[in-house]
1. Residue by residue through segment 110-144, note down the ones that are among the hydrophobic types (A, V, I, L, M, F, W, C), open to solvent by 10 Å² or more (accessible area, probe 1.4 Å) and in a helix (DSSP H, G or I).
2. Restricting attention to segment 256-291, which residues are touching a residue at least 40 places away in the same chain (Cβ under 8 Å) and hydrophobic (A, V, I, L, M, F, W, C)?
3. Residues being small (Gly, Ala, Ser) and more than 14 Å from the ligand (Cβ to nearest atom): count how many of those fall in segment 246-264.
4. For segment 268-282, enumerate the residues that are part of a helix (DSSP H, G or I), in contact with a strand residue (DSSP E or B) (Cβ under 9 Å, 6 or more places away or on another chain) and either away from the ligand (no atom under 16 Å from the Cβ) or on the phi > 0 side of the Ramachandran plot (or both).
5. Looking only at residues in segment 152-181 that are part of a loop (DSSP other than H, G, I, E, B) and under 24 Å from the mean Cα position of the chain (by Cα), which one is nearest to Ile290 (Cα to Cα)?
6. Looking at segment 227-245 only, could you name the residues that are away from the ligand (no atom under 13 Å from the Cβ) and either buried (at least 18 other Cβ atoms within 10 Å of the Cβ) or in a helix (DSSP H, G or I) (or both)?
7. If I filter segment 251-267 down to residues being in a strand (DSSP E or B) and open to solvent by less than 10 Å² (accessible area, probe 1.4 Å), which single residue comes out as farthest from Val84 (Cα to Cα)?
8. Limited to segment 204-220, what total is found for residues that are in contact with a Ser or Thr (Cβ under 9 Å, 6 or more places away or on another chain) and either open to solvent by 20 Å² or more (accessible area, probe 1.4 Å) or at pLDDT below 95 (or both)?
Amino acid sequence: MKITRISVFQKNLPLKDPYYLSGGRLKFEVLDATLVKVETDVGLVGWGEGTPWGHIYVPAHGPGIRAGLATFAPRLTGLDPRKVELVERVMDVTLPGHLYAKQPVDMACWDILGQSCRMPIADMLGGKRDNGTRAASSVSSGDPAEMLATIQSYRDRGYTAHSAKVGGSDLDMDIARIRHLEKNRMPDEIILYDVNRAWTRREASIVMNAVSEFGVTFEQPGETLDDIAQIRGVTTSPISVDESLVTLQDAARIARDGIADVFGIKLNRVGGLTKARRMRDIALAHGIQIFVMATGGSVLADTEAAHLAQTIPDAFIQACWSCQDMLTVDIAPGSGPRTVDGVITIDDTPGLGAMPDENLLGDPVAIYEA
Ligand code: MG
């Protein structure tokens, strides 16, 4: 089997509500999605999506994905898409780094691999649990009552996991946010406090120690792994590493040095399923919990994350994020798993099991063919 054509589409995905990242330093209203269609000489077609969360969240942006594709996609025609690690190697040799640009192609190759074996990607990754994975909401930073109201709106739809954004220069406000949400937390509900790198080491130690009685998990409480390692030494709350978990070397260091209790694996940031599954295995070997996410995007991106999440044993999977509920548009009507009662479940559809309605994507912005 050979890749014969790679078509690239750009699609704006407007958010239902403007989104403020931790510290209020970033406001989003629309996501820039890149959809990739990989065609083969046997008629199988795979789809991938890369949708960074804006352009100043992490070093990734929509135009960068499309520029990366222009660099390496011409080298991919003629390769067998089922050999995902050979495709990975060609991409890595042709363009070192820029992992986020490679993820949509990797995803489309896994889609084709699954279809060719008549198995869902989750089974190709080792085998899926029968039960689905709880989906986490993403709760924009705001005043404590507003944040609780947002959580309540997700509870009404069955959500039992939430990623609440905290972090800013007003440390008393952060402490008030966490206390208010924890005092109103439902039994068996997970609330992860996501700092998105907003705190200095000193700020992290002040807030985390002020609320240590709750034992809640803080995600990315500092800018770098060095910061988080230092924060780790002066606090007792569990820590998740998200933005600083980019490469397999990062994963190895976090596990070896005991820097975190949770891996926040975002598939776009780490370069796709081929690389993410190795991180999953490092986490499982070290008793580290996992939160799997797309960085954002449509049901396609959610579905990719849900496949990996459903390969992780119940005792180690925290949740997976579902961005589809935050968008005003659905580019894949009737296709792919939806969040039902706060749970996203992969069925036995071969491959990814989600594809966009091409009529909703417009014309390709680039085509690479043999
Ligand atoms: Mg995060």
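1. Matches in segment 110-144: Leu113, Cys117, Met124.
2. Hits for segment 256-291 are Val262, Ile265, Leu267, Val270, Leu273, Phe291.
3. 4
4. The answer is Arg280, Ile282.
5. Thr160
6. Selection gives Asp227, Ala229, Gln230, Ile231, Arg232, Gly233, Val234, Thr235, Ser237.
7. So, considering only residues that are in a strand (DSSP E or B) and open to solvent by less than 10 Å² (accessible area, probe 1.4 Å), the one farthest from Val84 (Cα to Cα) is Val262.
8. Result for segment 204-220: 6.
The values are calculated or read from the model by the stated rules, or taken from the named source; none is laboratory data. Just so it is clear, the structure is predicted and the values come from calculations on it, not from any experiment. With ideal geometry, Cβ positions are generated from the backbone for all residues, glycine too; neighbour counts draw on all protein chains shown. The area values use the complete protein model at the heavy-atom level, side chains included, leaving out ligands, DNA and RNA. Shrake-Rupley method; radii C 1.70, N 1.55, O 1.52, S 1.80 Å.
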